[in-house]
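Presented below is the structure to which this report refers.
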Amino acid sequence: LTSPLPSSHSYRGLTLVLTFLSYTSYHLSRKPISIVKSQLHPNCSTLGPNPHNDSNSTTWCSWAPFDGDNYKELFGALDNAFLVAYAIGMFISGIFGERLPLRYYLSGGMVLSGLFTSLFGLGYFWDIHVLWYFIIVQVCNGLVQTTGWPAVVACVGNWFGKGKRGLIMGIWNSHTSVGNILGSLIAGAWVSSAWGLSFVVPGIIITTVGIICFFFLVEYPEDVDCSPPLHHVSPAGSQGACQSSVDHHSNSPKEPAEEPEAISFLGALRIPGVVEFSLCLLFAKLVSYTFLYWLPLYIVNVAHFGAKEAGDLSTLFDVGGILGGILAGLISDYTGGRATTCCVMLVVAAPMLFLYNHVGQNGIGTSIAMLIICGALVNGPYALITTAVSADLGTHESLKGNAKALSTVTAIIDGTGSVGAALGPLLAGLISPTGWNNVFYMLIAADVLACLLLARVVVKEARGWCGHMARQRGY
């Protein structure tokens, strides 16, 4: 008796689960630095008298070289070492992602990410106090982490058609927030006792998930004789069947002869909407990553919580991010207006950020509600652009069915966004000494700019709706 063949639904489910776990572990390994910052330069006076009479009375418990008055600038340098390397590496990563087997590329990047994340934490156990060690590790980690996003979006795009892509990817994109939450909780468990473990444990987790992906991830429906999805028509009938089971799929990437040519960098930029969404994401990601890296420290400074409590509270921003990503995907599927959905959320986000800064610390209940609302409005557009919009543009009609642009388009959009991700925490580090109010004014300005950059695409969508309504009325 032969066993029943796995359906394409099973493979789609497996792809969603594995890519979800992959990117959850990527974010899980990025988050510890924001939690550990407050432990590298804590308020030593709360720990009692100084046991070392020969050291500075106010910074005796800090971790050199972060024990000086310039500790905020040094934290900013750590963030930027990772984020600038990530932004630069992302533009190159998509080009490699189109030309190498995605499974090898993804799992190799995850194992290396685990290594460099662990090396940062091992600085604690090896008693390293040299700034350059931590910066070099951050640069290397930033470069290898660029393997993740183009690979996972390309895998999901290969398996799912246009139909309900916004909703599916909105739910799937919660991996970003789930990773941030788990990263915060795992890092928080050891932040006060042995902060090195806050990095080593996430490093082990991402390495393990990378090995699992190497053995079980299926890159293309054709690898297991499933029909590919339809990208430009109604999804009815696009759920292809699998013709036969291929047990050795992990060793059988698509034959090069069957593949169309990978798109060039300039070719990807010519796809309508790529430039606008890329620049919009630059400012949207600037806001999101400023919160990712500075929110726990802001809560410690303004609300006077401890390091662990601030880390736990900051996860509510990511809870809001999950809800915002799903809501943005659902609305944009229903309306067909990806750009308009982003614009509306960005417009509402600006006054909400202002309110959070002024009334967000007036009580624990207010703080929780405002963090969730701000998280939804800030991360909703960011989630939509990096997932459904990237997949739409990477399988655009102008490509005439060549889906080989997926990794390159995804990398261009996310790479441009990563420039904003690098700028946000850097600007926050430079501006925060003048007061947190100025940091929030900078974030509000970035939200408004993100919205304005999408104006041309929003007008195009509005004209499309008007034309559709006119046709329905018979004009």
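The values are calculated or read from the model by the stated rules, or taken from the named source; none is laboratory data. In this text the structure is predicted, and so the values were computed from the model without any measurement. Cβ: placed from backbone, ideal geometry, glycine included. Neighbour counts: every protein chain shown. Ligands, DNA and RNA are stripped out before the accessible areas are found, and what is left, the full protein with its side chains, is counted by its heavy atoms. Shrake-Rupley method; radii C 1.70, N 1.55, O 1.52, S 1.80 Å.
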Task: Residue among G89, A194, M110 farthest towards the positive dipole end of the chain, charges placed on Cβ - done: G89
Task: M469-L452 pseudo-label distance in nm [points 7 Å out on the Cα-to-Cβ vector] - done: 2.8
Open item on the list: Suppose all protein chains stay in the model; what accessible area per residue would a 1.4 Å probe give for the chain, in Å²?
Closed with: 40
- [ ] For a quick protection proxy, order the peptides 169-180, 431-442, 189-200 by their average other-Cβ count within 10 Å, most packed first.
- [x] 169-180, 189-200, 431-442
Open item on the list: How large is log10 of I(q)/I(0) for the range 311-358 at q = 0.13, 0.26 Å⁻¹ when the intensity is taken from the Debye formula with one equal scatterer per alpha-carbon?
Closed with: -0.37, -1.00
Task: Peptides ranked, highest mean first, by Cβ atoms within 10 Å: ranges 31-43, 61-73 - done: 31-43, 61-73
Task: Compactness of the range 327-397 as Cα Rg over 2.2 N^0.38 Å, two decimals - done: 1.30
Task: the range 290-383 - percent of accessible surface contributed by carbon and sulfur, probe 1.4 Å - done: 75
Open item on the list: Helix 175-190 against the longest principal axis of the chain: what's the angle in degrees, Cα atoms only, rounded to the nearest 10?
Closed with: 30
TODO: Report, to the nearest 10°, how far helix 102-125 tilts away from the longest principal axis of the Cα atoms in the chain, using its own Cα long axis and a range of 0 to 90°.
DONE: 0
Task: Length-normalised contact order of the chain in % [C-alpha pairs under 8 Å, at least 6 apart] - done: 24
Open item on the list: Within the chain, how many Lys pairs that are eight or more residues apart, or on different chains, come under 23 Å at the alpha-carbon?
Closed with: 18
Open item on the list: To the nearest 20 Debye, how big is the dipole of the chain about its Cα centre, given +1 on the beta carbon of each Lys and Arg and -1 on that of each Asp and Glu?
Closed with: 1100
TODO: Set Lys and Arg Cβ to +1 and Asp and Glu Cβ to -1, take the dipole of the chain about its Cα centre, and tell me which of L185, L295, G417 lies farthest positive.
DONE: G417
Task: Mean Cβ count within 10 Å, highest first, over the residues of peptides 76-86, 302-312 - done: 76-86, 302-312
Open item on the list: Give me, ordered by chain and number, the residues 5 or more places off C226 or on other chains with an amide H under 5 Å from its own placed amide H.
Closed with: Q243
Open item on the list: Could you check the spin-label model distance between I364 and D127? Points 7 Å from the Cα along Cα→Cβ, value in nm.
Closed with: 4.0
Task: Distance between modelled label sites at S193 and N437, nm, 7 Å Cα→Cβ extension - done: 4.3
Open item on the list: Using only the alpha-carbon atoms, what does the chain span along each of its principal axes? Please give whole angstrom values in decreasing order.
Closed with: 78, 58, 41
